[in-house]
Every structure is written in structure tokens, then in C-alpha cells.
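The values are calculated or read from the model by the stated rules, or taken from the named source; none is laboratory data. Treat the numbers as computed from the prediction; the structure is a model and nothing was measured. Positions of Cβ are backbone-derived with ideal geometry, glycine not excepted, and every protein chain shown enters the neighbour counts. The protein model used for the area step is the full one, side chains on, heavy atoms only, and it has no ligands, DNA or RNA in it. Shrake-Rupley method; radii C 1.70, N 1.55, O 1.52, S 1.80 Å.
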Amino acid sequence: RSGRWLTMDAYHALGSEVDPELGGVRGVVAARAEAALAKLKADPGFDPQQVEPIVRRILLRLVQVSENGPPTRQQVARSEFFWDGDTEQQRALLEEGLRLLIQERLLTVDGDQVNLAHEVIIKAWKRLAAWVDEGTEDLLTRRRVEDAARQWARERDDSLLYRGLQLEKALEWQKRRI
């Protein structure tokens with residue numbers, strides 16, 4: 001380091017120590033993310049079987065996909081991570097997961113808004129990249145439902161309400177909800 005700046009030598013050194021396949025900042029990000037997940041799984045206060053689905057839920061909520069572009073990060077209100085019907089244990093795990101991911105600088109917070117610290121996390125952490133690939137259709141459905149809800153809230157036009165197959169797909173997504 002040179003003051004607040006990371007020197008090129010230091011940048012290249014990071015990669016060789018972490019993951020020769022990824023290297024540099026990508027390797028550091030992937031290693032930090034895996035370490036955070038392992039730390040949560042090792043916490044005796046939580047069921048290790050519930051940790052990964054909760055971390056997946058947190059991170060996928062922060063990813064936005066489109067039909068013709070790469071996945072990007074999106075800022076969401078902290079309250080959007082918590083659902084009606086969550087158990088006390090799930091809420092505690094969500095809180096701890098958010099806290100740890102923020103502490104590890106994988107997430108940032110601005111007031112009540114949470115965001116991925118950088119878009120590189122989406123591709124650098126292979127586990128998250130796989131989750132995004134597996135959940136692309138659900139992420140697209142979520143985006144369509146959210147867009148439709150915002151449009152309906154602005155216009156209050158009943159013709160914008162989902163019906164038939166569109167409603168069925170939205171309800172199926174709600175059951176899987178990511």
C-alpha cells in the first residue's frame with residue numbers, strides 16, 4: 001500500500017496467495033465470501049443446513065438479471081430480506097448473515113439500503129454465480145412482478161393486474177421465492 005492506494009505489486013500478490021485461477025481482487029472476494037459462509041455454518045447458534053439457503057436468499061435479493069445483459073447488483077431496503085412467516089431462527093440467521101457479510105465488506109449499507117459492495121462479487125464467487133444461473137428464471141419473474149406492482153401503484157389501472165397464466169406463474173414463484 002501507498003497511503004490509501006493499493007500498489008500494483010500488492011494487487012498482484014493478493015492473487016497469487018488466494019486463488020491462482022482467479023487472482024487479484026477476484027480471488028480475495030471469492031475467498032472472503034467462502035470464509036464468511038464457513039463462519040456462519042460453524043456458528044453453534046445456527047443449523048448449518050439453514051445457513052446456505054439464507055445466505056443465498058440475501059445475495060440473490062441483491063442481484064438483478066435482465067433478458068439481454070449480465071447480472072448486476074441492486075440496492076434494496078433491509079426490510080426486504082425478511083418475509084412474513086420467517087421463524088425466529090430464520091430472522092436471527094438473516095440478521096447475522098447480513099452483519100457478517102457487511103463486516104467482511106461484501107455488502108455495503110447506506111441508511112436502510114443494502115447493496116453488494118461491487119458487481120465483481122457476482123462473477124468472482126463461483127457459488128454465487130451458480131446460484132444466479134440456477135435462479136435466473138425466478139429472478140426474472142421477481143423483476144417482472146416488482147415492475148408490474150410499481151406500475152400498478154402509479155396508475156391504479158385494473159387492466160394491469162395479473163390474471164390467468166401470468167398470475168399462476170407469479171404465484172408459483174412466490175412459493176419458491178428467491
* What residue among A153, A117, A35 shows peak mean-square fluctuation when the chain is described by a Gaussian network model with Cα springs under 10 Å? -> A153
* Asked: Considering the chain as a Gaussian network with a 10 Å cut-off on Cα pairs, which listed residue, L160, L59, L106, attains the greatest mean-square fluctuation?
  -> L160
* To do: Rounded, prolate or oblate: pick one for the stretch 23-68, where a ≥ b ≥ c are the square roots of the eigenvalues of its C-alpha gyration tensor, a/c under 1.5 means rounded, and failing that, prolate if a/b is larger than b/c, else oblate.
  => oblate
* Of K175, K41, which has the most accessible area with a 1.4 Å probe, and how do the rest follow in descending order? -> K175, K41
* Structure fact -> The correct ranking of S66, S79 by accessible area at 1.4 Å, largest first, is S79, S66
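If a/c stays under 1.5 just call it rounded; otherwise compare a/b with b/c (prolate if a/b is bigger, oblate if not). Do that for the stretch 122-162, with a ≥ b ≥ c from the square roots of the Cα gyration tensor eigenvalues.
Working: a/c = 7.86, a/b = 3.41, b/c = 2.31.
It comes out prolate by the Cα gyration axes.
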* Structure fact -> If each K or R counts +1 and each D or E counts -1, the residues other than D133 whose Cβ falls under 12 Å of its Cβ total 0
* Asked: Rounded if a/c is under 1.5, else prolate if a/b beats b/c, else oblate: with a ≥ b ≥ c from the C-alpha gyration tensor eigenvalues square-rooted, which is the stretch 107-178?
  -> oblate
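Find me the longest stretch of the chain that has none of the exposed chymotrypsin sites (Phe, Trp or Tyr not before Pro), where exposed means in a DSSP loop (not H, G, I, E or B) with at most 16 other Cβ atoms within 10 Å. Could the numbers behind the result be given before it?
Numbers: sites that count: F82, W83, Y162.
With chymotrypsin sites (Phe, Trp or Tyr not before Pro) excluded where exposed in loops, the chain gives 1-81 as its longest stretch.
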